[in-house]
Amino acid sequence: MIAVWILGVAAVVVLVPLLSLRSSMRTRATPGRRLFTFAAMVALPGLWLLGMFAFADVSMRSTSFCLSCHEMKPYGASLTAGGEETLAAAHYMGGRSDRDKACYVCHTKPGLSGYIDAKLRGLHDVRVHYFGEIPETLRIKGGYDVNICLDCHGETENFRDDPAHRPVMEDIESGGVTCLDCHGPAHAVSEGASE
Amino acid sequence: MSGSRQPASERMYRRVVRAGITSQIAGVVVMSAILFTTTPILLTLSLSLGVFLIALGFLAWLWGVVWGRA
């Protein structure tokens, strides 16, 4: 809430010099005037833009944002349903991932490319939600990427030293065997949840 | 090299930079909608449209620096 106030006040701080500059346009400028023009048209809007990007990014990572589309409601309900039997519930209920961004953490591939991929998939999902035909069974395009699991678990002793993991470690790391093959389904919904 | 660059007329300079400022004002207003909504389509549209309008202002300023000074 405080970020809304800060960015709201900052918007006014950005608008005032712009309005002032617009009403007093001059071609032949003094160095001071040029500095003011730079501040009003580049520095202040640029800084404000970065702040708004960060704010929007945090908003769009939130679990409530993902669950605001009705298609996601069963998946959201599965986070707290049936004890901790499914992977999603175990992570959410067991406090193994940040509850405020539970969807984002487990559905975004690691690294910058993963972030960009998540944004592009998000744009696709928004388009389909508002303008497309929503399929009865939801599936992750290209399947679930095991690197998302390995980003947190890959280097832990519990994972490395587990007798069940050792024989298939190479297959896991190459993507031949996924975590969901043994630990699925991820969500307790009727169909399409684990893909 | 600098001799080949013709500065724009005062009228042209005012028109372009004023349009850039107007675009940025609109961009700030449009993008401020992000602060008041969590609806995915509104977030997406206000973010992309806001960035576009503010970027137009940046370009107008850049044009003013390079070609606008008489």
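The values are calculated or read from the model by the stated rules, or taken from the named source; none is laboratory data. Quick caveat, the model's predicted, so the values are computed rather than measured. Here the Cβ positions follow ideal geometry from the backbone for every residue, glycine too, while neighbour counts run over all protein chains shown. Protein only, heavy atoms only, side chains kept; ligands, DNA and RNA dropped before computing areas. Shrake-Rupley method; radii C 1.70, N 1.55, O 1.52, S 1.80 Å.
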*Only listed residue being assigned to a helix (DSSP H, G or I) and over 9 Å from the mean Cα position of the chain (by Cα), chosen from B:Leu62, B:Leu56*: B:Leu62
*Determine if the stretch B:19-28 includes at least one residue that is under 29 Å from A:Ala29 (Cβ atoms), out of contact with any Asp or Glu (no Cβ under 7 Å at 6 or more places or on another chain) and touching a residue at least 40 places away in the same chain (Cβ under 8 Å).*
yes
_Step by step: first the residues of the stretch B:1-13, then only those that are open to solvent by 40 Å² or more (accessible area, probe 1.4 Å), part of a helix (DSSP H, G or I) and in contact (Cβ under 8 Å) with a residue 12 or more places away in the chain, then the one that is nearest to the other protein chains (Cβ to nearest Cβ). Which residue is that?_
B:Glu10
*Those residues that are within 21 Å of B:Thr44 (Cβ to Cβ) and in contact (Cβ under 8 Å) with a residue 24 or more places away in the chain, I need them from the stretch A:115-142; list them, please.*
A:Gly122, A:Asp125, A:His129, A:Ile134, A:Leu138, A:Ile140
*Just to be sure, is B:Ser23 closer than 15 Å to A:Ser59 by Cα, among the small types (Gly, Ala, Ser) and buried (at least 16 other Cβ atoms within 10 Å of the Cβ)?*
no
*In the stretch B:19-53, which residue that is hydroxyl-bearing (Ser, Thr, Tyr) and within 10 Å of the chain's Cα centre (by Cα) is farthest from the other protein chains (Cβ to nearest Cβ)?*
B:Ser23
*Report yes if A:Asp57 is away from chain B (no Cβ under 13 Å) and of a type in the set (Asp, Glu), otherwise no.*
no
*Scan the stretch A:4-32 residue by residue and report those that are under 13 Å from B:Trp61 (Cβ atoms) and open to solvent by 30 Å² or more (accessible area, probe 1.4 Å).*
A:Arg22
*Among the residues of the stretch A:16-39, how many are more than 8 Å from every other protein chain (Cβ to nearest Cβ) and under 16 Å from B:Thr22 (Cα atoms)?*
7
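Residues checked against (1) open to solvent by 40 Å² or more (accessible area, probe 1.4 Å); (2) in contact with a strand residue (DSSP E or B) (Cβ under 9 Å, 6 or more places away or on another chain); (3) outside any loop (DSSP other than H, G, I, E, B):
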| residue | (1), (2), (3) |
| --- | --- |
| A:Ile116 | yes, no, yes |
| A:His129 | yes, no, yes |
| A:Lys141 | yes, no, no |
| A:Tyr144 | yes, no, no |
| A:Cys149 | no, no, yes |
| A:Asp162 | yes, no, no |
| A:Met169 | no, no, yes |
| A:Ala188 | yes, no, no |
*Count, please, the residues in the stretch A:40-68 that happen to be in contact with a Phe, Trp or Tyr (Cβ under 7 Å, 6 or more places away or on another chain) and closer than 15 Å to B:Arg18 by Cβ.*
1
_Test: B:Val16 is touching a helix residue (DSSP H, G or I) at 6+ places or on another chain (Cβ under 8 Å), among the aliphatic types (A, V, I, L, M), more than 10 Å from chain A (Cβ to nearest Cβ) and open to solvent by 20 Å² or more (accessible area, probe 1.4 Å)_ = yes
